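First the structure, then my questions, so here it is.
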Amino acid sequence: MTVRQERIEIIDVLRGFTLLGIILAHFTEQYYAGQPPKIHENYGMHNLADTIVQVIIGIFISGKFFMIFSFLFGLSFFLQLNKSDGSTTFFARFGWRLICLFLIGMLHHLHYRGDILTIYALLGFGLLLFHKLPDKALLIVALLLVFNIPSVAIRMYDVIAGVTPSGMSETDQKPLEIYYNTLKSGSYLEIIKANWYELKGKFEFQVMFGRIYITMGLFLLGLYAGRKRWFDEVIIFKKLIRFGLWSLLGCVVVAGIMSLIVFVAKIEMTQSLQFLIGGFLYDIFNASLASIYVGLIVVAFQKERRRKLLMNFYEVGRMGLTTYLMQALVGTLLLFSFGFGLLGDYGAAPWSVLAILVFGLQIVFSKWWLANFYYGPAEWLWRSMTYLKLQPLKK
């Protein structure tokens, strides 16, 4: 097996592994993707087992796997660019490819407001703007965005100005209750309409918490990793693991010291200061843990026995768009009123078990599908839309 083949395999394996984390996060939050009304704020915690699962998901999964997914999007752009002749035709086609992804994402968003494809499609144009940056400048911009420095600057201004951060004040509960009840018992058209109006709020959330900056930074970091051929050097990922572990330790120590100072000195921190410190530590924590996951998978992939085990993620990763959309299809059909309407009826523990079962079935399905077809169904549709011509599908 050549180095290039191994590199492509590990990228798909990483994407497949990431989709396992994504389905666990989405199923345990019951595809709600937002702040629930107070009367339903514990909709996912019915007992101690649910609480334990929620804590585990919150610490080890939520906010981490989307980072890996975003990094791989930027890396995939580099691989496509590297295979092309770098002509205007490639960039025009990639731009049209992003528009097609946005259309697919909009259809997805109308059924699930937590859709990430629309955001990826818009931010993908940033890759076209930044792809010619020199390596050093590209890395600096990427890291500034990954560590959410634009949000840190905005939050520092809020602290100095003594203002409450936008979106941190008491939220009107009625719109939250209406949205929850719409998902739980509304008609199909009411859900579509509600999610259409949620589009603005989704982008406001992305900006307020800095997710939009982090995602763009990860795109650029993936592009940089491709340029520097990180996946040809396992030692890089061993260093990445050490970096992640030290960063995690730093986050824990700083958070502990801050908590101790506040407790002993009885300091009252404003909401804006809490948001500044807590948000920055949370972003570093997520990036550190995501780095450790990537490093561990890449290092483990070098051992034959572990590689065989990890290759179970390969096919679901190759057809990652299909896998992602199928997860949402199953989840929303089970949870929303246009399906079985189970939102809030069960807690996080049973939903986490079901998520693993669904993902297991996706592994089986994807292995069978790619043994008989060239692309996943959604990948085939996206490719056909990109080239404005039906692409070959069945082998």
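The values are calculated or read from the model by the stated rules, or taken from the named source; none is laboratory data. Just so it is clear, the structure is predicted and the values come from calculations on it, not from any experiment. All Cβ positions, even for glycine, are placed from backbone atoms using ideal geometry, and neighbour counts span all protein chains on display.
Residue-by-condition table, conditions (1) farther than 16 Å from Arg211 by Cα; (2) at pLDDT below 95; (3) out of contact with any Asp or Glu (no Cβ under 6 Å at 6 or more places or on another chain); (4) surrounded by 14 or more Cβ atoms within 10 Å (Cβ to Cβ):
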position: Val53; (1), (2), (3), (4): yes, no, yes, yes
position: Asp85; (1), (2), (3), (4): yes, yes, yes, no
position: His111; (1), (2), (3), (4): yes, no, yes, yes
position: Asp115; (1), (2), (3), (4): no, no, yes, yes
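Next question, about the same structure. Select, from Ser259, Ser288, the only residue that is more than 22 Å from Gly63 (Cα to Cα) and among the polar types (S, T, N, Q).
Details: Ser288 fails: more than 22 Å from Gly63 (Cα to Cα).
The unique qualifying residue is Ser259.
Tell me which residues, restricted to segment 283-314, are among the acidic types (Asp, Glu) and either surrounded by fewer than 17 Cβ atoms within 10 Å (Cβ to Cβ) or touching an Asp or Glu at 6+ places or on another chain (Cβ under 7 Å) (or both). Don't jump to the end; show me each part of the working.
In the first step, residues of segment 283-314 are kept if they are among the acidic types (Asp, Glu); the result is 283, 304.
The answer is Glu304, and nothing else.
If you don't mind, there's one more thing I want to ask. When residues of segment 347-383 are filtered for being of a type in the set (S, T, N, Q) and surrounded by fewer than 16 Cβ atoms within 10 Å (Cβ to Cβ), how many remain? Give the derivation first.
Initial filter on segment 347-383 (of a type in the set (S, T, N, Q)): 352, 362, 366, 372.
The next check asks that each one be surrounded by fewer than 16 Cβ atoms within 10 Å (Cβ to Cβ); those that pass are 372.
So the count comes out to 1.
If you go through segment 263-276 one residue at a time, do you hit one that is of a type in the set (Val, Ile, Thr), touching a Gly at 6+ places or on another chain (Cβ under 9 Å), at pLDDT below 90 and part of a loop (DSSP other than H, G, I, E, B)? If you could, list the steps in order and put the result at the bottom.
First, the residues of segment 263-276 that are of a type in the set (Val, Ile, Thr): 264, 267, 270.
With the extra rule that they be touching a Gly at 6+ places or on another chain (Cβ under 9 Å), the set shrinks to 270.
Checking which are at pLDDT below 90 leaves us with 270.
Add one more test, that the residue is part of a loop (DSSP other than H, G, I, E, B), and what stays is 270.
Checked segment 263-276: at least one residue is of a type in the set (Val, Ile, Thr), touching a Gly at 6+ places or on another chain (Cβ under 9 Å), at pLDDT below 90 and part of a loop (DSSP other than H, G, I, E, B).
Please identify the pairs in which a residue from segment 267-281 that is within 12 Å of Pro165 (Cβ to Cβ) and in contact (Cβ under 8 Å) with a residue 24 or more places away in the chain has its Cβ atom under 7 Å from the Cβ atom of a residue that is polar (S, T, N, Q) and surrounded by fewer than 18 Cβ atoms within 10 Å (Cβ to Cβ), counting only partners at least 6 apart or on another chain.
From segment 267-281, the pairs are Gln271/Thr164; Ser272/Thr164.
Still on this structure, I have one more. Residues of segment 120-140 being buried (at least 18 other Cβ atoms within 10 Å of the Cβ) and touching a Gly at 6+ places or on another chain (Cβ under 8 Å), which ones?
Passing the criteria: Tyr120, Ala121, Leu127.
A further question follows. When you check Ile22 against the structure, is it in contact (Cβ under 8 Å) with a residue 24 or more places away in the chain, assigned to a helix (DSSP H, G or I) and not small (Gly, Ala, Ser), yes or no? Show your work before the answer.
On the way: in contact (Cβ under 8 Å) with a residue 24 or more places away in the chain: yes; assigned to a helix (DSSP H, G or I): yes; not small (Gly, Ala, Ser): yes.
The answer is yes for Ile22.
If I ask for residues that are within 24 Å of Asp158 (Cβ to Cβ), exposed (fewer than 12 other Cβ atoms within 10 Å of the Cβ) and of a type in the set (A, V, I, L, M, F, W, C), which ones from segment 223-260 would you list?
Hit for segment 223-260 is Ile257, nothing else.
A follow-up question, please. Suppose we filter Thr332, Thr386, Thr322 for residues that are in contact (Cβ under 8 Å) with a residue 40 or more places away in the chain, part of a helix (DSSP H, G or I) and touching a His at 6+ places or on another chain (Cβ under 7 Å); which single one remains? Spell out how you get there, then give the answer.
On the way: Thr386 fails: touching a His at 6+ places or on another chain (Cβ under 7 Å); Thr322 fails: touching a His at 6+ places or on another chain (Cβ under 7 Å).
Testing whether each residue is in contact (Cβ under 8 Å) with a residue 40 or more places away in the chain, part of a helix (DSSP H, G or I) and touching a His at 6+ places or on another chain (Cβ under 7 Å) leaves just Thr332.
OK, next. Just to be sure I understand, how many residues within segment 106-118 are under 14 Å from the mean Cα position of the chain (by Cα) and either on the phi > 0 side of the Ramachandran plot or of a type outside the set (A, V, I, L, M) (or both)? Break it down into steps so the answer makes sense when it comes.
We begin by selecting, within segment 106-118, every residue under 14 Å from the mean Cα position of the chain (by Cα); these are 113-118.
Adding the requirement that they be either on the phi > 0 side of the Ramachandran plot or of a type outside the set (A, V, I, L, M) (or both) leaves 113-115, 118.
Residues meeting the conditions: 4.
Residue check: is Leu390 modelled with pLDDT of 95 or more, more than 21 Å from the chain's Cα centre (by Cα) and surrounded by 16 or more Cβ atoms within 10 Å (Cβ to Cβ)? Even if it seems obvious, please write down each step before you answer.
Values: modelled with pLDDT of 95 or more: yes; more than 21 Å from the chain's Cα centre (by Cα): yes; surrounded by 16 or more Cβ atoms within 10 Å (Cβ to Cβ): no.
Considered against the rule, which asks whether it is modelled with pLDDT of 95 or more, more than 21 Å from the chain's Cα centre (by Cα) and surrounded by 16 or more Cβ atoms within 10 Å (Cβ to Cβ), Leu390 comes out as no.
Ok, one more. Test each condition in (1) touching a helix residue (DSSP H, G or I) at 6+ places or on another chain (Cβ under 6 Å); (2) of a type outside the set (Ser, Thr, Tyr); (3) farther than 26 Å from Gly201 by Cα for Gln80 and report the one that comes out false.
Among (1) touching a helix residue (DSSP H, G or I) at 6+ places or on another chain (Cβ under 6 Å); (2) of a type outside the set (Ser, Thr, Tyr); (3) farther than 26 Å from Gly201 by Cα, the lone unmet condition for Gln80 is (1).
Only one residue in Tyr282, Tyr375, Tyr346 is in contact with a helix residue (DSSP H, G or I) (Cβ under 8 Å, 6 or more places away or on another chain) and aromatic (Phe, Trp, Tyr), so which one is that? First the steps, then the outcome.
Numbers: Tyr282 fails: in contact with a helix residue (DSSP H, G or I) (Cβ under 8 Å, 6 or more places away or on another chain); Tyr346 fails: in contact with a helix residue (DSSP H, G or I) (Cβ under 8 Å, 6 or more places away or on another chain).
That would be Tyr375, the only listed residue that is in contact with a helix residue (DSSP H, G or I) (Cβ under 8 Å, 6 or more places away or on another chain) and aromatic (Phe, Trp, Tyr).
Moving on to the next point. In segment 196-206, is there at least one residue being more than 16 Å from Leu123 (Cα to Cα), surrounded by 14 or more Cβ atoms within 10 Å (Cβ to Cβ) and at pLDDT 90 or above?
Looking through segment 196-206, at least one residue is more than 16 Å from Leu123 (Cα to Cα), surrounded by 14 or more Cβ atoms within 10 Å (Cβ to Cβ) and at pLDDT 90 or above.
Moving on. List every residue pair whose Cβ atoms sit under 6 Å apart, with the two residues 6 or more apart in sequence or on different chains, where the first one lies in segment 47-71 and is under 16 Å from Phe219 (Cα atoms) and the second, anywhere, is hydroxyl-bearing (Ser, Thr, Tyr) and part of a helix (DSSP H, G or I).
Pairs found: Phe65/Thr18; Ile68/Thr18; Phe69/Thr18; Ser70/Thr215.
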